[in-house]
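Working notes, structure below.
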Amino acid sequence: MSGTAPASARSPIWRNLGAISSGRSFVLAGGAAIIGLVLAGAGLFAARGTSSLVIPPEDVAIVNQQPIARTDLLAQLRALYGEDPAEITPQQRRKALNDMIREELLVQRAKELDVASVDPDVRAAMVAAVEQSVAADAMIRQPGQAELRAYYQAHQERYASEGTISVSNLAFGGAHAALRAVQSLRKGADLAQVLTQEHGREISSEGQAFYFASRIHLGDSLFEVARRLHAGEISEPLVQPDGVHVLVVRQNHPPVARPYAAAQDQVLNDFRNDEIARLEAKSAEFLRKRANILIAKDAR
Amino acid sequence: MTPEGWSEGLARQVRRRPRAVLVFVAAAVAVSAASAAWTMARTTALVSADPDRLAGRPDLVAFALPRGHRGFATYCAPCHGRAARGDPALGIPDLTDQDWLYGSGKVSEIETIISDGVRAPDPKTWKLARMPAYARLVPYPPEPALQPLAPGDIRDVVSFLMSIEGRGPVSEASARGRAIFAGRGGCYDCHGADAGGDPGVGAPNLADHTWLYGSGQPEEIFDSIAYGRAGVCPAWRGRLKPAQVREIALYVHALSTPSASASVGVQ
C-alpha cells in the first residue's frame, strides 16, 4: 500500500538524490514517457504529409493528405466573385472549394495514371516546374555590391548604350559623278546644289537614329562604312548593285559603356540569370549522374 | 566561477533542496508549454482569419507585428533595407510610401506577392508585363508588333512625362511625346491613357512624383524607356510557413499605414 503512504513515510529516500529510489525512477520515467507521447502525437497530427484528422489552420481542406491552402481559396474566390470577401455567399464559397477539391482529385488521379509519360504538355509543365524550383534558389540570394561591380567589370560590353547616328544616303548614276560630288561636299558645297549638278538623289536622310535602325535603313555594307565616319565626314563613292552611293554623316555617337550606376538593375538581373543557368546545369549534371541511363549502341 | 565550480554548486543545491528544484523545473516546463500553446493558438487564429479583416483583431495584429518585423529583417531587408525604404538604383520599391506597384496595399495582396513573387520562377508569380526596351530592335519579344522608338521620340516622351508632373513646360516636344505615349509607343497600354499606372500589371503611376528607378531625372527616364526595366521579387512559398508570410504581410502593411507604423518602430 505504498501508494497511499503519507509523504513523510517515503520522503527520506525520495528526497535523497544520492540514493536510488525505485518509486522516484518510475514516476520520472512515467512523466517523461507521457511528455514524449504528447509531443509525438502533436507532431504526428500537425505535420504535413501525414495521415491526419486535423486540418492545419493555414489550410481549408486536406484531400488524401494534400492540403488546399486558405490563401489559394481566397484568391480563387476573389478571381471568381470580386474583391470583397464579405459579399461572397456561403454557397459560392462551397462551390469554389468543391471545384478545388475536384481539381485536386483529378490531379492525383492523373499522377496515378502517369499522364506525364504520354502528354507532352504535362511533361513540358513538369520540366518547367523543376527548372523554376532550381531557379528559385538563385533568386532568393541578394548579391553584394562588390559582387555586382565585379560582374559588371567582367561583362561591360553587355551594358553598352545603343549607338546613334544621323546620315544622308545619296545615290549617283556613275562613279565619276559620285567622285565629283564627294569633292564638292568636302569643300563645303551645298548638298541640294551638288545633287542638282551631278544628277544625284537623296535616297534617305534620317534624323538621329539608333544604330540598329540605321543598319536596317542603309543595309549592312553601307552601315558598316557609316558607323566608322565621324560627324561632318563624307564617305568615298561606294559601288552598290543599285548605283554609286555617298554617305554624309551629320552626327555619330558610337555605343559607350553605360556607367555602373545606370546599369545596376540590369547587372543584377544578368547576374541572377547567369546564376540560374549555372544551377540548372549543375542540377542536370547531378540528375544524370545518379540516373541509370542505358543508350542503344546505334544511338551513342 | 569555473564551470566545474558552477556545476558542483548546482549539484549541492539539488541535494539540499530537491523539492524546490523539482518545483522550479516543473514550473519552467509548465510556463514553456503554456507559452507554446498560447503561441500556437494565436498562430492558428492568425492564419485562419481573413487577412483583410485583421484590423478588427488588434490582439492578433499586436501578436503578429513583432514576429513580422523579425521575418522582414531576415528575408526582405537584404533587398528592401532594414527601414524598408528600397533602393532606387535597383528599382526596389519603398514599402513605406503608400505607393503600391501591385494591388492597393491590402494585406492579402502583399501576402500574395510574398508567396508568389514578382517575375519569380514560380508558376503563380505576378508577371503580366515588363517595361519594353525601345532602343532595341525588338523592344518587347512577347509582342513583336511593338516597334522601337528613335532617340528623338524617346526624348519627346520624356518631355511629356516631365510636363505632366509640372517639372517641364508643355511644348511641341511634349505634345509629340503625348502622341507617342498614346499611340505607336503603346505606353498607354500598361501605364494608362492618363499615365496613372495599372496596379494589375505592376505598371507604375508616372504622374505622382514617385519614381521606382532613380529620382525622375530626364536621363534616368530616358534609360528606362530605352533599355527597359524588369524588377523581381522572389517567391517565398514553400520556404516560409503560411503564418510567417502573413506576419510579414501585416508588418509591411503597417509600414505604409501611418497609425500603425509607430507601433512597429518605423520613423
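Every number in this text was worked out from the coordinates using simple rules, so none of it is lab data. Predicted, not measured: the structure shown is a model, and the values here were computed from it. Positions of Cβ are backbone-derived with ideal geometry, glycine not excepted, and every protein chain shown enters the neighbour counts.
Hey, can you grab everything whose amide H is under 5 Å from the amide H of A:Ala257? Only 5+ residues off in sequence or another chain; H modelled, so Pro and N-termini drop out.
When sequence neighbours closer than 5 places are left aside, the close amide H contacts are A:Ser161.
Straight-line reach from A:Lys297: which lysines fall under 17 Å, measuring Cα to Cα and dropping same-chain residues less than 8 apart?
Leaving aside lysines fewer than 8 places away in the same chain, none come within reach of A:Lys297.
Between A:Met126 and A:Gln197, how many nm apart are label points set 7 Å from Cα along the C-beta direction?
7.7
Treating the angle as unsigned and between 0 and 90°, give the value, to the nearest 10°, between the Cα long axis of helix B:172-182 and the longest Cα principal axis of chain B.
60
Could you tally the net charge around A:Leu185, taking each other residue with its Cβ under 14 Å from the Cβ of A:Leu185, Lys/Arg +1 and Asp/Glu -1?
Here the charged neighbours net out to -1.
Roughly how tilted is helix B:107-116, in degrees to the nearest 10 and between 0 and 90, from the longest Cα axis of chain B?
For B:107-116 against chain B, the angle is about 90 degrees.
May I ask you to give the average projected area over all directions of the convex hull of the Cα atoms of the protein assembly as shown, in nm² rounded to one decimal?
45.6
What is the average number of partner chain Cβ atoms found within 10 Å of a Cβ in B:111-121?
3
Could you work out, residue by residue across A:259-269, how many beta carbons of other chains sit within 10 Å of that residue's beta carbon, and then give the average as an integer?
6
For A:Ser25 and B:Ala37, what is the calculated FRET efficiency with R₀ set at 30 Å and r taken between the beta-carbons, to the nearest 0.05?
0.55
For a quick check: with amide H placed at 1.01 Å from N, whose amide H comes under 5 Å from A:Val167's, ignoring anything fewer than 5 positions away on the same chain?
A:Glu206, A:Arg250
May I ask you to order A:33-44, A:135-146 by the average number of other C-beta atoms within 10 Å around their residues, highest value first?
Result, highest mean first: A:135-146, A:33-44.
How about B:Lys124: which lysines have a C-alpha closer than 26 Å to its C-alpha, ignoring those fewer than 8 places off in the same chain?
A:Lys95, A:Lys111, A:Lys282, B:Lys106, B:Lys241
Distance in nm between label sites at A:Gln108 and A:His253, each 7 Å beyond Cα in the beta-carbon direction?
With each label placed 7 Å out from Cα toward Cβ, I get 6.3 nm.
For chain A, what are the DSSP H helices with axial Cα length of 15 Å or more and mean Kyte-Doolittle hydropathy of at least -1.0?
A:22-46, A:70-81, A:120-139, A:175-186, A:260-290
Pairing the Cα long axis of helix B:151-164 with the longest principal axis of chain B, what angle in degrees results, from 0 to 90 and rounded to the nearest 10?
70
Over the Cα atoms of segment A:59-113, each weighted equally, I'd like the Debye log10 I(q)/I(0) at q = 0.17, 0.23, 0.27 Å⁻¹, rounded to two decimals.
With no solvent term, the Cα-only Debye profile gives -0.54, -0.86, -1.06.
Could you check the spin-label model distance between A:Leu53 and A:Ala150? Points 7 Å from the Cα along Cα→Cβ, value in nm.
5.8
Quick one: check the C-alpha center-to-center distance for segment B:1-68 versus segment B:139-173, whole angstrom.
Here the answer is 60 Å between Cα centres.
For the pair A:Leu44 and B:Thr2, what calculated FRET efficiency results from E = 1/(1 + (r/R0)^6), where r is the Cβ-Cβ distance and R0 = 51 Å, to the nearest 0.05?
That gives a FRET efficiency of 0.70.
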